[in-house]
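Enquirer: This structure is in structure tokens; I'll ask about it shortly.
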Amino acid sequence: MTGQRPAPHPRRAAAICGIGSSLPPRVISNEELTRQGSLQTSDAWIRSRTGIVNRRRAAPGTATGDLATGAGRAALESAGGPPPDLLLLATTTPDRHCPATAPEVAHRLGLSTIPAFDLAAVCSGFVYGMSLATALLLSGDCARPLVIAAETYSSIIDPLDRDTAYIFGDGAGAVVLRGAHPGQPGAVIATDLGSDGSRCDLIAINGGGSRMPLAAQQLTRHDRYFRMRGRDVYAQAVRRMTESSRAALHRAGWTPGTVAAFIGHQANQRILDSVADRLDIAPRHRFGNIQDVANTAAASIPLALADTAAQGLVPPGARTLLTAFGGGLTWGSIALTWPSATPRHHPPHPRPASEPSPAPPHRRTQPWTMSSSTS
């Protein structure tokens, strides 16, 4: 979608009215991580190459849906008002291959039978989800969508892989959107999305899909885990995020010099700085939290948004640019005004004790009710 396309209708917009986050309580430092495996690296090397100091890890038994429920509940508290009428969950690490995780999250949030579905765009998932939710709101198909991005990358990372083991963390972020005017805080002004399937091999988990069905006796270690060709990804990420950012800014009618807040996908500090340098965005306008939570894939932008908003570092209404790049390859950018919502945070919301684990085929299970706890 990069290229010539008209901007959205000037009198209508979707705006962020609620922001939520959820992080596992366990913090893993670089020092601890290097002691756990044979990575042959150091805290100093990881910091200098990526900017990462700590990351969060989900406890055993904590799934993506638990993080998504925590972030979704926090975003609903931040937004107040009527409940959402659509839930979109961006994730690379769903609870199960089938069914989607989003309907269960909607149920656990008490959202009755609203439409809910998963979206897979890897680290670009939140930007894709925001763009889709905005389009659905402007079309009249929904009035108050809830967009969640949640990941438990610790479940797909090879702890012995020096290219990925120290990069990723677990977490979830969420926003609630509502109808607004473009001049209001949190309004989405323009979006840009793109993909290049010819480079799908750069970021992938080879096993587990229909092309290479999951069978432990057949899959090698390399095929079971997430793999990334870092040097090639770096070059693609810088190029695509820069081009996409410029496209979104052009559609919004903004120049890079007017951007007061820049949040890129928290993949690598060097990538973030390279993109911002190419866009001529001053360091004082760049925000992120990669040093504290590492790369949380689809969840990285909403987590950085929540963290920055909680600190009150950007005034409501300030021109803001979000940009992301992920497997697929996929990329996307959003030009919006900084929201006025006060973020809320919840820890992962566990599955209620009355809910049994997914049953094997042909076994009946009893329905369950949502716990009254808000964690």
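Enquirer: Which ³J(HN,Hα) values, rounded to whole Hz and listed in residue order, are derived for the range 137-144 from phi using the Karplus coefficients 6.51, -1.76 and 1.60 in 6.51 cos²θ - 1.76 cosθ + 1.60 with θ = phi - 60°, glycine and proline given as x?
Expert: Taking θ as phi minus 60°, the curve returns 5, 5, 7, x, 6, 8, 10, 8 Hz for the range 137-144.
Enquirer: From the list [x] 0.95; [y] 1.05; [z] 0.99, can you say which value of Rg/Rh (Cα atoms, Kirkwood Rh) was derived from the structure given?
Expert: Evaluating Rg/Rh (Cα atoms, Kirkwood Rh) on these atoms matches [x].
Enquirer: Once the Cα atoms of the range 1-152 are picked out, what are the Rg and Dmax in Å?
Expert: Spelled out, the Cα radius of gyration and Dmax of the range 1-152 are 18.3, 57 Å.
Enquirer: What are the residues whose amide H is under 5 Å from the amide H of Gly317, where those residues sit 5 or more places off or on another chain and H is modelled from the backbone?
Expert: Residues meeting the amide H criterion: Gly186, Trp338.
Enquirer: In nm, give the distance between the simple-model label positions of Thr342 and Leu219, each being 7 Å from the Cα along the Cα-to-Cβ direction.
Expert: Between Thr342 and Leu219, the simple spin-label model gives 4.5 nm.
Enquirer: Another question about this same structure. Just report the Cα centroid separation between the range 103-153 and the range 218-255, whole Å.
Expert: 22 Å
Enquirer: Okay, moving on. Please list the non-local residues whose amide H lies under 5 Å from the amide H of Ile281, H modeled 1.01 Å from N, same-chain partners needing a gap of 5 or more.
Expert: Sorted by chain and number, the residues that satisfy this come to none at all.
Only the coordinates and a few stated rules stand behind these numbers; no lab work does. Computed from a prediction, not measured in an experiment: that's the story for all the values here. No Cβ is skipped: glycine too gets one built from the backbone with ideal geometry, and neighbour counts run over all protein chains shown.
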